[in-house]
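In what follows, a structure is listed as structure tokens, so that the remarks can point back to it.
The values are calculated or read from the model by the stated rules, or taken from the named source; none is laboratory data. Predicted, not measured: the structure shown is a model, and the values here were computed from it. Quick reminder, even Gly has a Cβ in these numbers, built from the backbone with ideal geometry, and neighbours come from all protein chains shown. The protein model used for the area step is the full one, side chains on, heavy atoms only, and it has no ligands, DNA or RNA in it. Shrake-Rupley method; radii C 1.70, N 1.55, O 1.52, S 1.80 Å.
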Amino acid sequence: MADYKEKSQAQLLKEQLFYKVKNTYNELSEEAIEAAYAYAEGYKKYLDASKIERECVKESIQMLEAEGFVPYTFGMKVVAGGKYYCNNRGKGLSAFVIGTESIENGVYFAASHIDSPRVDLKAHPLYETDGLGYLKTHYYGGIKKYQWTAIPLALHGSVVKADGTVVDIVIGEDDSDPVFYIDDLLPHLAANQMAKPAKDVIAGEQLNILSGSRPFEKDMHEGVKLNIMKILYDKYGMTESDFLSAEISAVPSFKARDVGFDRSLIGSYGHDDRVCAYPSLTALMAVKDPKHTIMAVLADKEEVGSDGNTGMQSAAYFDIITDLARTFGVSDIVVRANSKCLSSDVNAAFDPNFPEVSEKRNSCFVNNGVVITKYTGAKGKSSTNDASAEFTGTIRNLLDKAGVIWQTSELGKIDQGGGGTVAKYIAKYNIDVIDLGVPVLSMHAPYEVVSKTDVYMVHKALEAFFQA
């Protein structure tokens, strides 16, 4: 007869009343874990193909068109069950499926961003000094500048030439391509540099990209610069003035790779926030015949304030809701008031190497599933949406019923720092919204890390939300 010990009343009460943190590897079946690992393979391919927002839009449209989505233009007639996408100037994207119920009941949508911290070329980038060719840059978003030195970089972007033709550039991703490089001081000569605060170790104007050293002719003034321009002209038809109407970024040339002996983690550039953008698309495509009209929004410029006509503060994304309301002859004010949104963005995972910046009881952890962030902002909850208890409860119950492993988190200790998402820009349109995403290690670094099961949980969470 097996040993049996009856649980005490205290033990039973603890199980009933205490909150228990869940780990995906303890809660999920082997089949679900295998599904998460398989899902990660598609996500890694998406990462490698989408290192800047323009590429992300193109890759996303290919995915959508393969599932029967068609381009949407303002004023066009739509039908229940119809699948559409709207390309916002090649740098933002909205995809949606018309529900079987009246759109007056609201649109359920997920909003992610597809820009990531990087280093952009200036309008007059190319110069030569002391026999070396360089490209001047202006960094984009919140970065630790010293992390971007002494690593292989690739150039991605588009050039609009004087005649109006557009040339896309990707150099540094293929194994046969050259890469680019921002040089740093050797330790032997860095005594003064190492005495500086970390934020000053590398100045913004020192993030100059090494781009060549061979002159066009011997003993020629600016021969290296001329040789580089000749290469660009021969391959792309570019002259130096074409940099004035170009958007070219330097990003890490690293590929997305499994991390760890057990391959449970993914290392890559750009997890923030493509780790939520990809599940937004896959969840949208997975739902058939939704009741509500459902939508995935992939916006630009979140890392610099969501400004501009491709950022989340642009009316472009909300004009779609207004246009759909008019198509069906209902009030867009009513549609927005009944709409719900998951601002699908990342949070900082608790890092055992740096525990001092987090309040552990209110942090998110790798492998503990999707993270709900009720409020973002900094210090005294400044610049935040702060979702209502009612909407938080709605999402909590929805995730529980769908079997999604989830957790909650703040972004570090109260006075340590903070951060924001697009949620507050959505809330101003009278839409209930809360942040839901993936815990990330080393956020905003050239190489970030996430958990495969956490990424899969975001897909399952968004799928459940779209099916609500």
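For the stretch 63-160, the strands (runs of 3 or more DSSP E) that sit wholly inside it and include 2 or more residues that are open to solvent by 30 Å² or more (accessible area, probe 1.4 Å) are 83-88, 118-129, 132-140. Hey, among the residues in the stretch 199-238 that are open to solvent by less than 60 Å² (accessible area, probe 1.4 Å) and among the polar types (S, T, N, Q), which one's farthest from Lys122 (Cα to Cα)? Among them, the one singled out is Asn227.
Which one is most open to solvent (accessible area, probe 1.4 Å) among residues in the stretch 319-345 that are touching a helix residue (DSSP H, G or I) at 6+ places or on another chain (Cβ under 8 Å) and aliphatic (A, V, I, L, M)? Across the stretch 319-345, the extreme among qualifying residues is Val334.
Suppose the filter is open to solvent by 80 Å² or more (accessible area, probe 1.4 Å) and under 24 Å from Gly142 (Cα atoms); does Leu189 pass it? For Leu189, the condition - open to solvent by 80 Å² or more (accessible area, probe 1.4 Å) and under 24 Å from Gly142 (Cα atoms) - is not met. On the stretch given as the stretch 403-432, residues that are open to solvent by less than 50 Å² (accessible area, probe 1.4 Å), more than 30 Å from Asn309 (Cα to Cα) and out of contact with any Gly (no Cβ under 9 Å at 6 or more places or on another chain) total 2.
The set of residues from the stretch 313-346 being closer than 18 Å to Ala80 by Cα, outside any helix (DSSP H, G or I) and in contact with a strand residue (DSSP E or B) (Cβ under 9 Å, 6 or more places away or on another chain) comprises just one member, Ser339. A single entry from Val366, Val449, Val371 fulfils the requirement of being open to solvent by less than 10 Å² (accessible area, probe 1.4 Å), on the phi < 0 side of the Ramachandran plot, modelled with pLDDT of 95 or more and of a type in the set (Val, Ile, Thr): Val371. Need a quick list: strands (runs of 3 or more DSSP E) entirely within the stretch 397-468 having at least 2 residues that are closer than 26 Å to Met295 by Cβ. Ranges flagged: 406-408, 432-437. Within the stretch 44-61, not a single residue is touching a residue at least 24 places away in the same chain (Cβ under 8 Å), part of a strand (DSSP E or B) and closer than 25 Å to Gly369 by Cα.
There is at least one residue in the stretch 298-318 that is open to solvent by 30 Å² or more (accessible area, probe 1.4 Å), of a type in the set (S, T, N, Q) and touching a helix residue (DSSP H, G or I) at 6+ places or on another chain (Cβ under 8 Å).
Note on the stretch 198-226: among residues that are in a loop (DSSP other than H, G, I, E, B) and in contact with a Leu (Cβ under 6 Å, 6 or more places away or on another chain), the one that is farthest from Asp183 (Cα to Cα) is Phe216.
Which one of these is under 28 Å from Ala349 (Cα atoms), open to solvent by 70 Å² or more (accessible area, probe 1.4 Å) and not basic (Lys, Arg): Asp262, Asp273?
On the way: Asp273 fails: open to solvent by 70 Å² or more (accessible area, probe 1.4 Å).
Exactly one of Asp262, Asp273 is under 28 Å from Ala349 (Cα atoms), open to solvent by 70 Å² or more (accessible area, probe 1.4 Å) and not basic (Lys, Arg), namely Asp262.
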